[in-house]
4 protein chains.
Amino acid sequence: MRKIGKLDWAFSGGRIPFESTGEEPKFNSHDKIAVLNTSGETAEIEIFIFYEGREPVGTFEVEIKAQRLRKIRINDLIDPEAVRLDRNYGCYIRSNVPVVIQFSRMHTGQNANAIMGTMAFPAD
Amino acid sequence: MRKIGKLDWAFSGGRIPFESTGEEPKFNSHDKIAVLNTSGETAEIEIFIFYEGREPVGTFEVEIKAQRLRKIRINDLIDPEAVRLDRNYGCYIRSNVPVVIQFSRMHTGQNANAIMGTMAFPAD
Amino acid sequence: MRKIGKLDWAFSGGRIPFESTGEEPKFNSHDKIAVLNTSGETAEIEIFIFYEGREPVGTFEVEIKAQRLRKIRINDLIDPEAVRLDRNYGCYIRSNVPVVIQFSRMHTGQNANAIMGTMAFPAD
Amino acid sequence: MRKIGKLDWAFSGGRIPFESTGEEPKFNSHDKIAVLNTSGETAEIEIFIFYEGREPVGTFEVEIKAQRLRKIRINDLIDPEAVRLDRNYGCYIRSNVPVVIQFSRMHTGQNANAIMGTMAFPAD
């Protein structure tokens, strides 16, 4: 099977909320990245977290086995230090083999009826 | 009309939930892919499902007629084997002619107020 | 200002629902495309609608003035014929000048707690 | 670290609603852009807002420090003039260094059960 994806990924709209109304741990609020490694090699990814008012933090290191998916809660990134709750953050991820990365959020802590996010269109 | 789209598509954020509160079958929880084939030929697509803790499964084979749309419930993929419920999965799809593929989800089983997902930005 | 965007756009996950609970016409269910024309020329776009079980319909013709935005309800496309309600559809749009197109949906007719859609990742 | 992202970004599906039911200012309705600058230089971005029935407005100028994230409420763009509420708008953003931009919305003013938006697929 072909190697599918890219080596470098990023998103800018992250935020892990404090409050949560869902059943633990399944429905509590979270930010997650889902990494798909279709290749025959282990993917070694390096994650860097960027904030508004302080220095970026990294390198968080995660492995995704060959031909496997892995979902990673941003809440679970604690080494070299835990990602700050209730702070806006961005994320840059690089991999040694091509992977496909999707960012998702579940927010159960308040009654906003609809929240949506989309990457803007990169025009060059 | 031009052939619009790409031959290879993937997403990493799949999960078919067990529980559902909606009217059956219209509003029960599902993951779907919608495949648009604007070309004058039948599109023959091959779908591969990737999991966290077991080998990938495939090939699921589906045809989309010339100049037609087709929505495919991931729940309905049962040959060579049914896609596991309540398990995270990723998906790689290849086609013999260019197609456009969108992934969508309806989740009716719990009261999270908002869930959103977006592809991260592929930066290389 | 630079011309921003592309000439050809498509999406596959369309569906205009019958039922609606919102205040008319502001909050009734709809599918919309928003077309941004940053160029100094009028954009003349041609829209083609694709279905699951019948021939595609087109050409729907729409103009977007120079340096203007235009939101177009798919419900309002009636010439050469109205887009079918409660049917899955896909859409291909071509323009004579580069434009940026976003597809959005408001669904007020039932109590699904969350619906999300995203383009899959085009990997070639 | 590599410079990640693009110089030019756009989206077409903007709308800042009048009404809001959430706690102020955290949960009131808003449109936001989140800009990630992974580079070692200050990013100077220029924002242009496009409307349906009037001339575009700009240049709104914003800086994002080196290796920082910045979330910008569209509501807070007031110089050279405030962005109109309850009007559809599009947005073009250019930067002097590569950045990654995500557009997000929270809508707390009415009871639509689900709103989703996605960029269409740019096919050329």
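The values are calculated or read from the model by the stated rules, or taken from the named source; none is laboratory data. No experiment lies behind these values; they were computed from the predicted model shown. Backbone-built Cβ (ideal geometry, glycine too); neighbour counts: all protein chains shown. Accessible surface is based on the protein model in full, side chains and every heavy atom, while ligands, DNA and RNA are left aside. Shrake-Rupley method; radii C 1.70, N 1.55, O 1.52, S 1.80 Å.
For this structure, a couple of remarks:
- Counting only heavy atoms of the protein chains and using a 1.4 Å probe, B:Tyr92 has close to 0 Å² of accessible surface.
- FRET efficiency, A:Arg54 to D:Phe18 (Cβ-Cβ, R0 45 Å, nearest 0.05): 0.80
- Put a dot 7 Å past the Cα of B:Leu85, heading toward its Cβ, do the same for A:Ala66, and the two dots end up 3.4 nm apart.
- Area hidden from solvent between C and B (accessible, protein heavy atoms only, 1.4 Å, total, Å²): 3400
- Rounded to whole Hz, the Karplus (6.51, -1.76, 1.60) HN-Hα couplings of region D:33-45, x for glycine and proline: 10, 10, 10, 10, 10, 7, 7, x, 10, 5, 8, 9, 10
- With a Förster radius of 30 Å applied to the beta-carbon distance between C:Glu46 and D:Glu46, the computed FRET efficiency rounds to 0.40.
- Candidates per GluC sites (Glu not before Pro) in region C:40-71, loop by DSSP, up to 13 other Cβ within 10 Å: C:Glu41
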